[in-house]
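Here the structure is laid out as structure tokens; the discussion comes afterwards.
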Amino acid sequence: MRQTIPTATIPTITKYRNHRSAMSQDILGYLENLAQQGDFLRIPLGLLGSAYFVNHPDLAQQVLLKQTKKFQKPFTVKYTAKGIFGENLFTSDGELWQVLRSIISPAFNAQRFDAYASIMTDYTTAMISQWRTGEVIDIPTAMMDLTLGITTKAFFGQDLRDNQIGQAIIGFIELFSQRISSFPVPSWVPIKSNLEMKRLFTLIDNHVSSIIVKRRRSGEDYGDVLSMLIKAQASDTTGLLTDKQVRNEVLNLFAAGYEVTAHSLAFTFYLISQHPEVEARLLDEINQVGEKPITISDLNQMPYLEMVLKESMRLLPVTAVVSRQATENVVINEYTIPKNSLVLIAPWTLHRRSDYFPEPLRFNPDRFHQYKDNIPKFAYLPFSGGSRICIGNAFAMMQMRINIAMILQRFKLTVPFDYELQPFFNFNTRPKNGLPMTIHARG
Ligand code: HEM
């Protein structure tokens, strides 16, 4: 293991004017550059104070688990959300976060997963029944459509893709991602993107609110997240679970889940297409279950599929960086992170540490078997870690394995020979110019 004595030195940058412009122009390259310079660095951000770059599993564990109460979501995230809709599980802290997390957690209990699995298989079957050999599709777009269908059906009881609301959600999330990736212009400034976000948000708000009212009137339990939230609202003693909060959580569950899942899937299909030996082994495993909708017990018989997915999320983690803000002075090892400083933990660079992931740039699913005992928990963080670990991680892992297995059973996907993947970070990591893939039915 690499011996590290964390030092809060200031990293050097050569190509850019300052750290903020380096971050906004090429954050992935910037993070990789930082990782070369140390495991604990101080980044000067002018009037915004300092950010601390943390690139060691023990230090990440301090921030995300051991001393997590001394950190909150950064003001940029809160500010971005507040001006538009308010707080939600993703952006909140303290009591509100605790209340929301405990209300929403049952939606991700294992006993609900059989029902989710059948939605996932039905939607995957419907999608691939439209695919034709020779067609070229943009995989992220196709996966976003699939994931949005699955998510809205599972959590909301309705497939919202084809109506105005589904499109409004997609447009809203896109603008929100842009807003959160740069320093947000206050929401009251009437620039085009703010006005458009407000317009879309009003549409979504009206639709969701009318469904809430109908549901409450009918008193029927649909067994989905919305019913759960409405039920929790009736017995809420904190006063925190207002109608507005329920609406925010519905929106949050779409927003937090669908794009990251879709891009993780897209990257996985890309990596599989580049590694025929991986694809062959995967197919052997998938074909053992025969051509049929995949069940949860089938997934348990597919360890290699899980390794492939984990390796894809190691090499190309969609959440490339997770950030926090210190609410007080925090001592980590011998260093103090002053109150209000930002802390950046980058799965992108942690996952490329050669001491835990030998030959880190090589796509090698077997590492999750061969070296798994050498991988500390906080060295591998595609879903973050600690108390704020992604609430949807088991849902996403199940969905992606079902999607991959069912698609590969019937189709081979290839990229054009001159295609070059350029991962690009805009709140989440995605392929810069899309990811066209050609569909070939397996004979
Ligand atoms: C491959 C798919 C996914 C990835 C890579 C992913 C990644 C993450 C990460 C890294 C975080 C932590 C962010 C932070 O600490 O700042 C997070 C939080 C969260 N994720 Fe996911 N996510 C995925 C899928 C989903 C799905 C499917 C849902 C819901 C349907 C979801 C809902 C959430 C929510 C609500 C939070 C906030 C949890 C909290 O703060 O308590 N995610 N996700």
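Every read-out reported here was derived from the displayed coordinates using simple, explicitly stated rules and does not represent laboratory data. Not measured: the values here are computed from a predicted model. Here the Cβ is made from the backbone with ideal geometry for all residues, glycine too, and neighbour counts use every protein chain on show.
Run the quick spin-label model on D355 and N329: label points 7 Å from Cα toward the beta carbon, then report their separation in nm to one decimal.
So the two model labels end up 2.8 nm from each other.
State the three equivalent ellipsoid semi-axes of the range 189-268, derived from the C-alpha gyration tensor as the square roots of 5 times its eigenvalues, in descending order and whole Å. Write out the running numbers ahead of the final one.
Numbers: eigenvalues 136, 77, 29 Å².
Equivalent ellipsoid of the range 189-268: 26, 20, 12 Å, largest first.
As a test of the formula, what do you get for the chain when each DSSP H run with n ≥ 4 contributes -39,500 (n - 2.57) and the sum is divided by the residue count, at 222 nm and rounded to the nearest 500 deg cm²/dmol? Let's see the in-between values first.
Working: 16 runs with 220 residues, N = 443.
Value at 222 nm, helices only: -16000 deg cm²/dmol.
Starting from the Cα-Cα distance between S177 and T238, subtract it from 0.36 nm times their residue separation and give me the gain in nm to one decimal. It would help to have the intermediate numbers written out before the result.
On the way: separation 61, 0.36 × 61 = 21.96 nm, distance 3.08 nm.
Answer, rounded to one decimal: 18.9 nm.
Fewest to most neighbouring Cβ within 10 Å: what's the order for S227, S312, S354, S50?
Working: S227 16, S312 26, S354 10, S50 19.
Ordered by Cβ neighbours within 10 Å, fewest first: S354, S227, S50, S312.
Calculate, for H440 and I296, the FRET efficiency according to 1/(1 + (r/R0)^6) with r their C-beta to C-beta distance and R0 30 Å; round to the nearest 0.05. Write out the running numbers ahead of the final one.
Working: r = 29 Å, r/R0 = 0.96.
For R0 = 30 Å, the calculated efficiency reads 0.55.
Near the amide H of F424, under 5 Å away, which other amide H atoms are found, from residues 5 or more places off or on another chain, if H is placed in the peptide plane?
Amide H to amide H, under 5 Å and 5 or more residues apart or across chains, F424 pairs with R430, K432.
Can you pull the three principal axis extents for the Cα set of the range 88-244, in Å, largest first?
57, 45, 29
Contour minus end-to-end for N433 and Y222, with contour as 0.36 nm per residue of separation and end-to-end as the Cα-Cα distance?
So the chain would gain 72.0 nm between N433 and Y222.
Relative contact order (percent) for the chain, with alpha-carbon contacts under 8 angstrom and 6 or more residues of separation?
About 25 percent, as a whole number.
In bins 10 Å wide, starting from 0, what share of all Cα pairs of the chain does each bin hold, as a percent?
Result returned by the calculation: 4, 20, 31, 27, 15, 3, 0.
Does the range 120-182 come out rounded, prolate or oblate by the C-alpha gyration tensor, with a ≥ b ≥ c the root eigenvalues, rounded set by a/c under 1.5 and, if not, prolate when a/b is larger than b/c and oblate if not? Could the numbers behind the result be given before it?
Values: a/c = 2.46, a/b = 1.37, b/c = 1.79.
Judged from the Cα gyration tensor, the range 120-182 comes out oblate (a/c at least 1.5, b/c at or above a/b).
Excluding K73 itself, what net charge comes from residues whose Cβ is under 10 Å from its Cβ, given Lys and Arg +1 and Asp and Glu -1?
+1
Counting residues in the range 344-417 as N, plug N into 2.2 N^0.38 Å and put the Cα Rg over that result.
Working: Rg = 15.0 Å, N = 74, 2.2 N^0.38 = 11.3 Å.
Against the empirical 2.2 N^0.38 Å value, I get 1.33 for the range 344-417.
Kyte-Doolittle mean at least -0.5 and Cα extent at least 30 Å along the axis: which DSSP H helices of the chain qualify?
Span-like helices here: 192-218, 243-274.
Can you give me the P(r) profile for the range 381-443? Cα pairs, bins 5 angstrom wide beginning at 0, each as a whole percent.
Result returned by the calculation: 3, 14, 13, 17, 22, 16, 9, 4, 1, 0.
State log₁₀ I(q)/I(0) for the range 86-162 at q = 0.19 Å⁻¹ as given by the Debye formula over alpha-carbon point scatterers of equal weight, solvent excluded.
Log10 of I(q)/I(0), two decimals: -0.91.
Specify the inter-centroid distance of the range 18-86 and the range 241-314, based on alpha-carbon positions, in whole Å.
Between the Cα centres of the range 18-86 and the range 241-314 lies a distance of 28 Å.
Based on alpha-carbon atoms only, what is the radius of gyration of the range 262-316 relative to the globular estimate 2.2 N^0.38 Å?
Cα-based Rg divided by the globular estimate yields 1.13.
Arrange the following residues from fewest to most other Cβ atoms within 10 Å of their Cβ: R430, R388.
On the way: R430 24, R388 20.
Going from sparsest to densest Cβ surroundings: R388, R430.
Per residue, what volume in Å³ does the Cα convex hull of the range 294-385 take up? Working shown, then result.
On the way: hull volume 11.6 nm³, N = 92.
Taking only Cα atoms, the range 294-385 has a hull volume of 126 Å³ per residue.
Give me the percent of Cα-Cα pairs in the range 234-340 that sit more than 22 Å apart, rounded to a whole number.
Working: 3440 of 5671 pairs.
That tail contains 61 percent of the Cα-Cα pairs.
So what's the net charge close to E87: Lys and Arg +1, Asp and Glu -1, counting the other residues with Cβ under 13 Å from its Cβ? Don't jump to the answer; show the numbers that get you there.
Working: positive: K73, K78, K82, R101, K244, R247; negative: D93, E95, E249.
Result for the local shell: +3.
When the Kirkwood radius is taken over all Cα pairs of the range 1-141, what Stokes-Einstein diffusion coefficient follows at 25 °C and 0.890 mPa s, in µm²/s? It would help to have the intermediate numbers written out before the result.
Numbers: Rh = 19.8 Å.
Roughly 124 µm²/s, to the nearest whole number.
Once every Cα of the range 3-77 carries one equal point scatterer and solvent is ignored, give the base-10 log of I(q)/I(0) from the Debye formula at q = 0.13, 0.21 Å⁻¹, two decimals.
-0.42, -1.06
Give the whole-number value, in cubic angstrom per residue, of the convex hull volume spanned by the C-alpha atoms of the range 302-443. It would help to have the intermediate numbers written out before the result.
Working: hull volume 20.8 nm³, N = 142.
Measuring per residue, one finds 147 Å³ for the Cα hull of the range 302-443.
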